[in-house]
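Novice: My structure is below; once you've seen it, I'll send some questions.
The values are calculated or read from the model by the stated rules, or taken from the named source; none is laboratory data. From a predicted model like this one, the values you see are computed outputs, not experimental measurements. Methodologically, a virtual Cβ is constructed for each residue, glycine included, from the backbone with ideal geometry; neighbour enumeration extends over all protein chains shown.
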Amino acid sequence: MSQEFVLEARGLTKEFRGFTAVDSVDLQVKEGTIHALIGPNGAGKTTVFNLLTKYLTPTRGDIRYRDKSINAMSSNEIARLGMVRSFQISAVFPHMTVLENVRVALQRPLGNSFHFWKHERVLNKLNDRALELLDSVGLADYADITTVELPYGRKRALELATTLALEPTVMLLDEPTQGMGHEDVDRVVELIREAAKGRTVLMVEHNLSVVSKLCDKITVLARGAVLAEGDYATVSQDPRVREAYMGSDDTQVEGAH
Amino acid sequence: MATTDTKISAAQLAKQAENRRRNIFYLVLLALALVAPFVAYPVFLMKILCFALFACAFNLLLGYAGLLSFGHAAFLATGGYMTGFLLSTYSITPEIGIITGTLASTVLGTFFGILSIRRQGIYFAMITLALAQMVFFMYLQADFTGGEDGLQGVPRGNLFGIFDLSNNLTMYYFVLAVFIFGFLLIQRTVHSPFGQVLKAIRENEPRAISLGYNTDVYKLVAFVISAAIAGLAGSTKTVVFQLASLGDAHWHMSGEVILMTLVGGVGTLFGPVLGAGFVLTLEHQLSQSFLGDWVDVILGVIFVVCVLTFRAGIVGEVQKFMKKNFN
Ligand SMILES: Nc1ncnc2c1ncn2[C@@H]1O[C@H](COP(=O)(O)OP(=O)(O)OP(=O)(O)O)[C@@H](O)[C@H]1O
Ligand SMILES: [Mg+2]
């Protein structure tokens with residue numbers, strides 16, 4: 001085990017009633033890099049995320065964060081450690097305002113989150129910081145809108161701002177550009193590039209042009225196991241990878257060249 | 001950012017205007033509540049206030065934490081029995097009896113909550129129901145509850161040793177004060193830093209967890225507050241009617257509070273109050289008419305109609321209507 005890896009998994013396995021969704025995966029994420037996890041539909045990428053953040057309990061395997069075992073930790077403890085995830089389907093709080101979405105992430109360190117007898121206006125002192133974060137993802141003008149009214153791409157941007165509010169050291173992003181049009185994709189790519197400064201990012205991404213633009217290292221997953229690993233050039237040349245993508249995402253592999 | 005600032009203040013102005021309107025609304029209601037006992041039968045009004053408080057407590061859990069408890073009767077009954085037993089047995093003042101009854105429900109709520117809070121959806125409802133049934137059978141068997149007869153003739157006593165509660169008008173204003181206290185506590189809880197987290201949990205629990213919140217603990221706190229206020233309602237009700245009975249512990253009661261909350265409007269502050277008033281008035285009117293035997297059926301039909309056609313309840317639908325037409 002080495003200090004240069006901020007997040008390490010060894011022999012990570014998840015079985016669902018006999019079906020092995022994740023099969024002895026070894027993963028090493030280097031501090032300060034953007035690391036992609038790719039693979040065809042159903043390869044087990046989201047499940048790996050769920051295991052790393054304890055939304056699912058691994059059947060077997062070890063997870064270490066900064067060389068310290070986090071096997072016994074719960075999801076919320078892992079988040080407080082600085083490893084914050086997003087979700088494949090956009091995860092916002094739809095009936096809170098855009099500002100409140102970010103503010104609820106900023107709120108926890110104040111230590112008043114159990115104070116049910118205090119007026120919520122004590123949270124107003126967080127508004128400036130919340131607006132700053134919204135501004136950084138181009139949402140400052142939407143601060144008072146109820147989140148459910150935002151278009152999809154903007155929701156994903158809001159999600160990113162909310163994640164950034166926690167100042168995470170490691171961000172796990174599950175398909176941040178999924179379901180977006182071209183312009184939105186380009187914007188989110190820029191946002192991620194900006195957000196990744198001084199942090200480590202592990203992201204699942206189907207759009208290989210995004211991967212080629214952003215990522216330092218790529219791990220390819222197929223049927224729950226690691227198929228290949230390396231930088232974009234190495235991985236995209238790998239015949240096994242191309243075969244795994246045949247049929248489902250063949251065009252994308254080709255298109256990304 | 002200049003545009004943002006002006007926008008924020010515009011939104012804040014709108015919010016202030018809304019708050020002002022709401023305050024006026026509450027002041028008018030308060031004035032009505034103050035004169036009401038001169039127009040209507042005070043005991044019936046007190047009944048409405050007690051059940052309104054009970055429904056508000058339930059709504060805190062369902063409307064603001066997204067948890068459907070099917071065992072809230074246990075908290076109403078526990079407050080009622082504890083207060084009834086203490087006031088009948090010892091010479092203590094009613095407020096001490098009510099506070100102790102409320103504490104008893106709080107303790108029971110903590111116990112229920114710890115056992116159930118990790119479960120989701122229907123499993124949560126089932127566990128709370130099962131626990132409440134256990135409490136029901138316990139009260140059926142126990143000595144201090146008076147079994148099937150319940151505790152009758154509980155003395156109302158003198159509030160703080162000074163105000164004679166056997167006077168219905170005095171009793172009424174005391175119940176009104178208790179209700180306002182409970183209502184404001186809920187209102188504050190909803191609009192507190194805690195309330196924000198609770199809202200986030202209701203909206204998207206996995207996301208709230210990923211922001212570092214130990215959501216089970218927040219839900220537990222909401223559950224305990226709800227149980228405490230339900231207990232307060234039960235304790236107060238026992239003093240009003242000088243009676244604590246098994247009916248309060250029966251699962252019917254847990255169902256009735258769901259009905260009141262749904263009809264009035266889940267997740268609106270005032271909905272449960274209106275719902276309680278509506279259901280109790282209807283029950284009262286029907287039981288005195290030739291339809292007396294059909295009360296349960298008619299309430300059932302209303303329940304179905306409500307769930308099928310106006311899910312937001314009376315207050316929720318009015319709010320929707322206002323938003324659509326006056327914005
Ligand atoms: N809770 C579960 N119970 C049973 N099987 C599951 C569960 N979660 C995932 N699976 C299965 O595990 C496999 C991997 O699913 P996963 O969601 O991790 O894939 P993925 O790589 O994220 O796919 P996609 O690209 O479609 O998001 C799938 O076959 C899926 O059906
Ligand atoms: Mg997935």
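Novice: Just name the residue that is farthest from ligand 1 (Cβ to nearest atom) out of those in the stretch A:202-226 that are part of a strand (DSSP E or B) and touching a helix residue (DSSP H, G or I) at 6+ places or on another chain (Cβ under 7 Å).
Specialist: A:ILE218
Novice: Moving to a separate point now. Yes or no: the stretch A:84-91 includes at least one residue that is assigned to a strand (DSSP E or B), more than 16 Å from ligand 1 (Cβ to nearest atom), closer than 22 Å to A:ALA195 by Cβ and away from chain B (no Cβ under 14 Å).
Specialist: Looking for residues that are assigned to a strand (DSSP E or B), more than 16 Å from ligand 1 (Cβ to nearest atom), closer than 22 Å to A:ALA195 by Cβ and away from chain B (no Cβ under 14 Å), one finds none in the stretch A:84-91, hence no.
Novice: From B:ALA74, B:ALA10, B:ALA17, grab the single residue that is hydrophobic (A, V, I, L, M, F, W, C), surrounded by 24 or more Cβ atoms within 10 Å (Cβ to Cβ) and either assigned to a helix (DSSP H, G or I) or in contact (Cβ under 8 Å) with a residue 12 or more places away in the chain (or both).
Specialist: Unique residue meeting the criteria: B:ALA74.
Novice: I'd like to verify a number: residues in the stretch A:151-175 that are within 16 Å of ligand 2 (Cβ to nearest atom) and away from chain B (no Cβ under 14 Å), how many?
Specialist: The number of residues fulfilling the criteria is 1.
Novice: What single numbered condition from (1) within 14 Å of ligand 1 (Cβ to nearest atom); (2) part of a loop (DSSP other than H, G, I, E, B) fails to hold for A:LEU12?
Specialist: Every listed condition holds for A:LEU12 apart from (2).
Novice: Identify the single condition in (1) part of a helix (DSSP H, G or I); (2) touching a residue at least 40 places away in the same chain (Cβ under 8 Å); (3) in contact with a Ser or Thr (Cβ under 8 Å, 6 or more places away or on another chain) that B:ARG156 does not satisfy, given that it satisfies every other one.
Specialist: Single failed check for B:ARG156: (1).
Novice: Examine the stretch B:167-181 for a residue that is under 23 Å from A:MET96 (Cα atoms) and away from every other protein chain (no Cβ under 14 Å), and state whether such a residue exists.
Specialist: Taking every residue of the stretch B:167-181 in turn, none turns out to be under 23 Å from A:MET96 (Cα atoms) and away from every other protein chain (no Cβ under 14 Å).
Novice: Got a sec? Which of A:VAL102, A:VAL188 is in contact with a Lys or Arg (Cβ under 9 Å, 6 or more places away or on another chain), farther than 26 Å from B:ALA65 by Cα, more than 7 Å from every other protein chain (Cβ to nearest Cβ) and not in a loop (DSSP other than H, G, I, E, B)?
Specialist: A:VAL188
Novice: What number of residues within the stretch A:191-214 satisfy the criterion of being more than 16 Å from ligand 2 (Cβ to nearest atom) and farther than 25 Å from A:PRO58 by Cβ?
Specialist: So the count comes out to 12.
Novice: Can you say whether B:LEU61 is within 14 Å of another protein chain (Cβ to nearest Cβ), part of a helix (DSSP H, G or I) and not acidic (Asp, Glu), as far as the supplied structure shows?
Specialist: yes
Novice: Sticking with this structure for a sec: Check off (1) touching an Asp or Glu at 6+ places or on another chain (Cβ under 9 Å); (2) facing another protein chain (nearest Cβ under 8 Å) for A:ASN112 and give me the number that stays unchecked.
Specialist: Among (1) touching an Asp or Glu at 6+ places or on another chain (Cβ under 9 Å); (2) facing another protein chain (nearest Cβ under 8 Å), A:ASN112 violates only (1).
Novice: Does the stretch B:108-159 hold any residues that are at pLDDT below 85 and in contact with a helix residue (DSSP H, G or I) (Cβ under 7 Å, 6 or more places away or on another chain), and which are they?
Specialist: Of everything in the stretch B:108-159, those that are at pLDDT below 85 and in contact with a helix residue (DSSP H, G or I) (Cβ under 7 Å, 6 or more places away or on another chain) turn out to be B:PHE144, B:THR145, B:GLY147, B:GLU148, B:GLY150, B:LEU151, B:VAL154, B:ARG156, B:GLY157, B:LEU159.
Novice: Pull up the stretch B:235-257, narrow it to residues that are part of a helix (DSSP H, G or I) and polar (S, T, N, Q), then point me to the one that is farthest from B:SER88 (Cα to Cα).
Specialist: Checked the stretch B:235-257; the qualifying residue farthest from B:SER88 (Cα to Cα) is B:SER254.
Novice: Also, I was wondering about something else. For the stretch A:42-75, name all the residues that are away from ligand 2 (no atom under 16 Å from the Cβ) and under 22 Å from A:GLN88 (Cα atoms).
Specialist: Passing the criteria: A:LYS54, A:THR57, A:PRO58, A:ILE63, A:SER74, A:SER75.
Novice: Any residue that is farther than 19 Å from A:ASP216 by Cβ, assigned to a loop (DSSP other than H, G, I, E, B), more than 14 Å from every other protein chain (Cβ to nearest Cβ) and away from ligand 2 (no atom under 16 Å from the Cβ) - is there at least one of those in the stretch A:29-41?
Specialist: Within the stretch A:29-41, not a single residue is farther than 19 Å from A:ASP216 by Cβ, assigned to a loop (DSSP other than H, G, I, E, B), more than 14 Å from every other protein chain (Cβ to nearest Cβ) and away from ligand 2 (no atom under 16 Å from the Cβ).
Novice: What residue, of A:ASP144, A:ASP135, A:ASP128, is at pLDDT 85 or above, more than 16 Å from ligand 1 (Cβ to nearest atom), outside any helix (DSSP H, G or I) and charged (D, E, K, R)?
Specialist: A:ASP144
Novice: OK, next. Among the numbered criteria (1) facing chain B (nearest Cβ under 10 Å); (2) among the charged types (D, E, K, R); (3) under 25 Å from the mean Cα position of the chain (by Cα); (4) closer than 28 Å to A:ILE78 by Cβ, which single criterion is violated by A:GLU120?
Specialist: Every listed condition holds for A:GLU120 apart from (3).
Novice: Quick one: is B:THR281 over 21 Å from B:PHE25 (Cα atoms), part of a helix (DSSP H, G or I) and of a type in the set (S, T, N, Q)?
Specialist: Yes; evaluated as a whole, the condition is true for this residue.
Novice: Checking the condition over 30 Å from A:ALA244 (Cβ atoms), at pLDDT 90 or above and of a type in the set (A, V, I, L, M, F, W, C), which residue from A:VAL29, A:VAL122, A:VAL92, A:VAL48 passes?
Specialist: A:VAL92
Novice: Kindly provide the set of residues from the stretch A:42-55 that are in a loop (DSSP other than H, G, I, E, B) and within 7 Å of ligand 1 (Cβ to nearest atom), ordered by number.
Specialist: A:GLY42, A:ALA43, A:GLY44
Novice: For the stretch A:26-41, enumerate the residues that are away from ligand 1 (no atom under 11 Å from the Cβ) and over 19 Å from A:GLY198 (Cα atoms).
Specialist: Matches in the stretch A:26-41: A:ASP26, A:LEU27.
Novice: Return the only residue of A:ALA79, A:ALA140, A:ALA130 being facing chain B (nearest Cβ under 8 Å) and in contact (Cβ under 8 Å) with a residue 12 or more places away in the chain.
Specialist: Checking each option against the conditions leaves just A:ALA79.
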